[in-house]
Amino acid sequence: MLFRILVVDDEPVLRDSLEMALKTSGYEVLTARTGEEGLERFQKENPDLVLLDHWLPGITGDEVLQQIKGEDPEMPVIIMTAQGSIEMAVNSMKMGAFDFLVKPFELDQLEALIKKGLDRIRLRKEVEWLRAQYQERFRSGGIIGVSQKMKEVLGLAEKVAHGSETTVLIEGETGTGKELLSEYIHFLSSRSSFPFIPINCGAIPKDLFESELFGYDKGAFTGALEKGKMGKVEAAEKGTVFLDEVGELPPLAQVKVLRVLEEKEYFKVGGVDKKKADVRIIAATNKDLEVEVKKGNFRDDLYFRLNVVKIEIPPLRDRREDILPLFRFFVERFNEQFKKGFMQISGEAEERLLSYPWLGNIRELRNAVERIILLEKGETILPKHLSFLTERGGVTEEEIQFKPFIPLHGIVLDEVEKQYILEALRIKKGNKLQAAKMLGISRSALLYRMQKHGIKVAD
């Protein structure tokens, strides 16, 4: 990262010497002889740090400092002053100067102060870059929610993000985007300037989970690194730890996670010093943790501690309005990657996409688009481009295992039937004969049920 330094000093010898020395040290250097010229260069050139002489012809160094701080309060300004005006330099620091140097000074002393000032700028730029990456990711369709169900999920995520300490449990099938949603919550929270650290609980051997999560001190066990190891919790300091597939945690690890949640503290493996855990925990699972608790596979106290706010991401087949927007988004992305020019989807192909079950959810959809764009040619995606979906079994009865769900408060059976009829008519764009075939009934039976439920569709 190349930093730009503005030197404002009316002494030609000192100004030229500083320019030469700082360029040798790898900085880009701008110079000005007066306060007015310095402000003009500051506004046009956008430097990262300012070296400012206290005594200047025209407007004074304090006036220049005030204007710079008015435009950019975070800008580090180092005041250079003569021996007899240290008190004035101290007053400048009260006005917002980063530090001061008394002339004459050693170059090493100057460079140490510059490095200290630029470390702050470096951190700010890294944070701005990270924010920009998140903004671009989510702005460009990282999370697409056209359906009412996904709008509700995103609305809840946005509310939860404001509680930077609140634990969140995200439930959903594999491939629904649980990690992406957790990143979205992190991005919207006050912790977004700090790390987001994911941990796949199902991929870590149970004997290594504690050292992976908390790290270990040197000599903690045979084969331990000489310097010890930083754990995920420490690496995520002030940020977010994402526990993916939390239902796979072994019992001993569940106890350790519970301590972090309740006490906000932990010990490294082999360590005796108590560490503070200033992190937010977001957990995700594709299991029903309530069922796991009843089976004795998951601690009830940990479940209740994780389940402060639960967000359930519906599977793609239950929010079919999102299928085509997601498909088009991935087409655009892979068009760019593979230098292709697919511009549209035929009506028959759209129908095929909408009727396919997408058991692998968004991940399966993304992989399907990648395959099509990589292997096929043309401007329009046709049904033949989707033939591999049929080869995989598509919508056969063997592949779709219908699992009815009845909530505790019960259901209205007629309403369930009505919703299936509406969905079939939507997929078939109002064609009653095709909708009836999809539902496995005759057209006359469909018309009877439509009349029964007050469903009207124009021919």
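Here the extension length gained between K287 and V102 equals 60.0 nm, from 0.36 nm per residue of separation less the Cα-Cα distance. For the pair L258 and N431, the difference between a 0.36 nm per residue extended length and the Cα-Cα distance amounts to 56.8 nm.
Which value, in debye to the nearest 20, describes the size of the charge dipole of the range 224-293 about its Cα centre when Lys and Arg Cβ atoms bear +1, Asp and Glu Cβ atoms bear -1, and nothing else is charged? Working shown, then result.
Working: 13 positive and 14 negative charges, 91 e Å.
I would put it at about 440 debye.
For the chain, the Cβ-based charge dipole about the Cα centre amounts to some 2140 debye (Lys, Arg positive; Asp, Glu negative; other atoms uncharged).
Between helix 413-427 and the chain there is an angle of about 70 degrees, using the helix long axis and the longest principal axis of the Cα atoms. Pairs spanning more than 25 Å between alpha-carbon atoms, out of K287/K429; K256/K295; K115/K274; K159/K428; K116/K275; K206/K268: K287/K429; K115/K274; K159/K428; K116/K275. The lysines within cross-link reach of K377, meaning a Cα-to-Cα straight distance under 17 Å and a gap of 8 or more places when in the same chain, are K339, K340.
Return the inverse of the average 1/r over all pairs of distinct C-alpha atoms in the range 4-127, which is the Kirkwood hydrodynamic radius, in Å to one decimal.
Details: mean 1/r = 0.0703 Å⁻¹.
That comes to 14.2 Å for the range 4-127.
Ordering D16, D217, D273 from the fewest to the most neighbouring beta carbons within 10 Å gives D273, D16, D217. Taking the charge dipole of the range 152-314 about its Cα centre, with +1 at Lys and Arg Cβ atoms and -1 at Asp and Glu Cβ atoms, the residue from L213, G177, A283 reaching farthest to the positive side is L213. Distant-in-sequence amide contacts of F100, defined by a placed amide H-H separation under 5 Å and a gap of 5 or more residues or a different chain, comprise I79.
Between N367 and T166, the contour length at 0.36 nm per residue exceeds the Cα-Cα span by 69.0 nm. With N as its number of residues, the chain has a Cα radius of gyration that, divided by 2.2 N^0.38 Å, comes to 1.37.
Considering the options Y266, G96, I143, tell which one lies farthest towards the positive end of the dipole of the chain, charges being +1 on Lys and Arg and -1 on Asp and Glu at the Cβ, about the Cα centre. Value: I143. Pairs exceeding 28 Å between alpha-carbon atoms, taken from K310/K432; K44/K94; K384/K456; K149/K232; K149/K432: K310/K432; K384/K456; K149/K232. Placing unit charges on each Cβ (+1 for Lys and Arg, -1 for Asp and Glu) gives the chain a dipole about its Cα centre, and among L39, V160, L374 the Cα reaching farthest toward its positive end belongs to L374.
Backbone amide hydrogens, once placed in the peptide plane, bring D278 within less than 5 Å of K238, excluding anything fewer than 5 places away on its chain. Using Cα pairs under 8 angstrom and six or more residues apart, how large is the relative contact order of the chain, in percent? About 11 percent, as a whole number. Under the convention that each Lys and Arg Cβ holds +1 and each Asp and Glu Cβ holds -1, the size of the dipole of the range 413-453 around its Cα centre is about 280 debye.
Computed from the coordinates by the stated procedures, all read-outs in this text should not be read as laboratory data. Everything quoted here is computed from the prediction, not taken from an experiment. Quick reminder, even Gly has a Cβ in these numbers, built from the backbone with ideal geometry, and neighbours come from all protein chains shown.
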